[in-house]
Amino acid sequence: MTDIYTALSAVLKGMEDTLAANGFEPVLPQGVKKGELPAITESGKITIDFRGEKGALRMEHFDDKIALLITEKTGEDVAESDFGQLSLSLLDPSTADEKDTKYIANDFSESLNQRFGSKTRGGTSSKLPAPVSKAAAKSGAVSYDANTLGSRFTVLYPELRADYKANVDRYGEFLAEEFFANGGTAAVLQTIKGNDKLKMKKLFSLLNEIYEDGTNEIQSLIAVSILGSMNNDQDLLANCVDYMSKDMLSPVVQINKYLASKNGKGAKMRLENPPPYKPEKAKRKNPITSALGM
């Protein structure tokens, strides 16, 4: 357990070299001296601003999450709406330790270096694709995609963040099927088996949100490839019932029944052994039935 301001100071300390290398300096709020944490607390939200020739940064902590926001606009007239999310992590002061703050500092530093094409240790990495913002998805302007699920999924499972980045480096885009087949789905099943209320609530809060405002492809990924892996285990399904949204519950139950049936054996085999990666993907009229081979 740690104080949130102590945790933020540790994250900021771990980012000092990267911030300096990219020309960003903290904006000191009124009454804050140089060397003190340049934070503003308002309505439960803590913000730390930075300015530089490349634009403006904002570190924002709210609801046990910490985000790194960025805009390439400069000057004093930068508005809150100008910022876009560069990276997001969980930071719960009641459970955070030195390992957590070090991970966040490294992740934010790497994201910042990738944004501006800076070299990182061991060479260069592909620029991570930007996730779809919640505001954009809720407005209907754009739907959540697989990359958004992958990016936000690794906020819940930071131990898989390196795998997510390696996936993007390998293919030049996020290949969700491979990521979840090689660790992501196993992490979901472990959470469901553990049935810890807080972890289940966080997991399905994410899955429900992405499913509701996601593309057909992402709905197929969640309902078939991820939650279909419960193999119609009634104990596992029972653990999920109270957490799944109404829109997702029925498809997931039906998909699990189908995959466990005689007719679903071929589809199950295809899910366990997905086809090789192809850069050009054919459009599918109904991704869920196509994934099942129906």
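For the range 125-159, the candidate set comprises residues that are free of Cβ contacts under 8 Å to residues at least 40 places away in the same chain and of a type in the set (S, T, N, Q); within that set, the residue that is surrounded by the fewest Cβ atoms within 10 Å (Cβ to Cβ) is 139. What number of residues within the range 214-229 are open to solvent by less than 30 Å² (accessible area, probe 1.4 Å), in contact with a helix residue (DSSP H, G or I) (Cβ under 6 Å, 6 or more places away or on another chain) and more than 15 Å from residue 181 (Cβ to Cβ)? Count: 2. Applying the set (1) open to solvent by 70 Å² or more (accessible area, probe 1.4 Å); (2) in contact with a helix residue (DSSP H, G or I) (Cβ under 8 Å, 6 or more places away or on another chain) to residue 234 leaves exactly one unmet item: (2).
Close contacts from the range 68-97, counting a first residue that is within 13 Å of residue 130 (Cα to Cα) and a second that is open to solvent by 30 Å² or more (accessible area, probe 1.4 Å) and of a type in the set (S, T, N, Q), with Cβ to Cβ under 9 Å and a gap of 6+ residues or different chains, come to 68/85; 69/85; 70/85; 84/133; 85/133. Among the residues making up the range 168-198, those that are more than 21 Å from residue 228 (Cβ to Cβ) and modelled with pLDDT of 90 or more are 196, 197, 198.
Of the residues screened, residue 41 is not one that is surrounded by 13 or more Cβ atoms within 10 Å (Cβ to Cβ) and among the polar types (S, T, N, Q). Can you tell me which residues in the range 102-158 are at pLDDT below 80 and under 20 Å from residue 178 (Cβ atoms)? If the condition is that a residue be at pLDDT below 80 and under 20 Å from residue 178 (Cβ atoms), then 125, 126, 127, 128, 129 are the ones that fit. Among the residues of the range 62-79, just one is open to solvent by less than 30 Å² (accessible area, probe 1.4 Å), touching a Lys or Arg at 6+ places or on another chain (Cβ under 7 Å) and over 14 Å from residue 22 (Cβ atoms), namely 69. When 74, 95 are checked against the criterion of being among the polar types (S, T, N, Q) and over 29 Å from residue 157 (Cα atoms), a single residue qualifies: 74. Per the listing 249, 221, 227, 198, the residue uniquely hydrophobic (A, V, I, L, M, F, W, C) and over 21 Å from the mean Cα position of the chain (by Cα) is 249. For the range 1-33, filtered to residues that are among the acidic types (Asp, Glu) and assigned to a helix (DSSP H, G or I), the residue that is least open to solvent (accessible area, probe 1.4 Å) is 16. When the range 160-178 is filtered for residues that are without any contact (Cβ under 8 Å) to a residue 24 or more places away in the chain and under 23 Å from residue 201 (Cα atoms), only 164 remains. Taking first residues from the range 249-264 that are part of a helix (DSSP H, G or I) and partners that are surrounded by 12 or more Cβ atoms within 10 Å (Cβ to Cβ) and hydrophobic (A, V, I, L, M, F, W, C), the Cβ contacts under 6 Å between residues at least 6 apart in sequence or on separate chains come to 251/223; 252/223; 252/227; 255/223; 255/224; 256/230.
The values are calculated or read from the model by the stated rules, or taken from the named source; none is laboratory data. Predicted model only: the values in this text are computed from it and were never measured. Don't worry about glycine lacking a Cβ; one is built from the backbone with ideal geometry, like all the others, and counts go over all protein chains shown. With ligands, DNA and RNA removed, areas are computed over all heavy atoms of the protein, side chains included. Shrake-Rupley method; radii C 1.70, N 1.55, O 1.52, S 1.80 Å.
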